[in-house]
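The values are calculated or read from the model by the stated rules, or taken from the named source; none is laboratory data. Just so you know, these numbers come straight off a predicted model, no measurement behind them. Methodologically, a virtual Cβ is constructed for each residue, glycine included, from the backbone with ideal geometry; neighbour enumeration extends over all protein chains shown.
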């Protein structure tokens, strides 16, 4: 008799070949169940336990493609933001899109991890294990600030061979889209985001640090140059 699964992933992916690759990747985890739906509409039915999904287990993590028929990935994330406990499951993006605007939009919709295809499976397994153990859901939308909160952020990646890359952004308001300036060994970060928010820069560089086994130092200072973090 098979042991019941202790954790469950919901995969939202319209391509059967991509779904099969994820299924094979998770086959070595007997404690983890994988359930596959093909678009956002089916995912909503699953989370609401409607129709054929009435008796399905609640997922601990959602693996989401963005380019989907009917309800796409962004529309599904918006539904999650608007539906409280039913949409509070942590989400990992698995997408072909490397567009900075897609990454910024996913970040603003509360996504914790954004992986681009072809997937780095070592990072996938690390991030999935972290998400399953922490169980944190999507971040809530936060209102944009109306008062000036000027700050400068520098994120410094140090690679295993000692080479460094620094990304800097300066913002006058929370949530403001600003340009990112890069210096150092940029050859390992191509393509990379050219603009976003201060919060997105940190999130984005944390992902690259995990992906490249690099050390990350984040330096935040206020408008006068005084370090705040």
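Exactly one residue among 66, 20 is in the same structural domain as residue 98 (by TED's automatic domain parsing), under 16 Å from residue 95 (Cβ atoms) and at pLDDT 95 or above, and that residue is 66. Going through (1) more than 15 Å from residue 89 (Cα to Cα); (2) more than 21 Å from the chain's Cα centre (by Cα) one by one, residue 14 falls short only on (2). Take the conditions (1) under 21 Å from residue 110 (Cβ atoms); (2) touching a residue at least 60 places away in the same chain (Cβ under 8 Å); residue 82 misses just one of them, which is (2). For the range 121-137, state whether one or more residues are at positive phi, at pLDDT below 90 and touching a helix residue (DSSP H, G or I) at 6+ places or on another chain (Cβ under 9 Å). Checking the range 121-137: not a single residue is at positive phi, at pLDDT below 90 and touching a helix residue (DSSP H, G or I) at 6+ places or on another chain (Cβ under 9 Å).
Output the number of residues of the range 71-107 satisfying the condition of being in a helix (DSSP H, G or I) and closer than 21 Å to residue 60 by Cα. Lay out the reasoning, then the answer.
Of the residues in the range 71-107, the ones in a helix (DSSP H, G or I) are 73-82, 84-87, 100-107.
Filter once more, so that each one left must be closer than 21 Å to residue 60 by Cα: 73-82, 84-87, 106-107.
Adding up the residues that qualify gives 16.
Any residue in the range 36-56 that is under 18 Å from residue 124 (Cα atoms) and touching a helix residue (DSSP H, G or I) at 6+ places or on another chain (Cβ under 7 Å)? Yes, there is a match, as at least one residue in the range 36-56 is under 18 Å from residue 124 (Cα atoms) and touching a helix residue (DSSP H, G or I) at 6+ places or on another chain (Cβ under 7 Å). Set side by side, the residues 51, 87, 110 differ, and just one is over 22 Å from residue 177 (Cβ atoms), surrounded by 19 or more Cβ atoms within 10 Å (Cβ to Cβ) and at pLDDT below 95, which is 87.
The residue of the range 169-182 that is surrounded by the fewest Cβ atoms within 10 Å (Cβ to Cβ), among those that are in a strand (DSSP E or B) and over 21 Å from the mean Cα position of the chain (by Cα), is 181.
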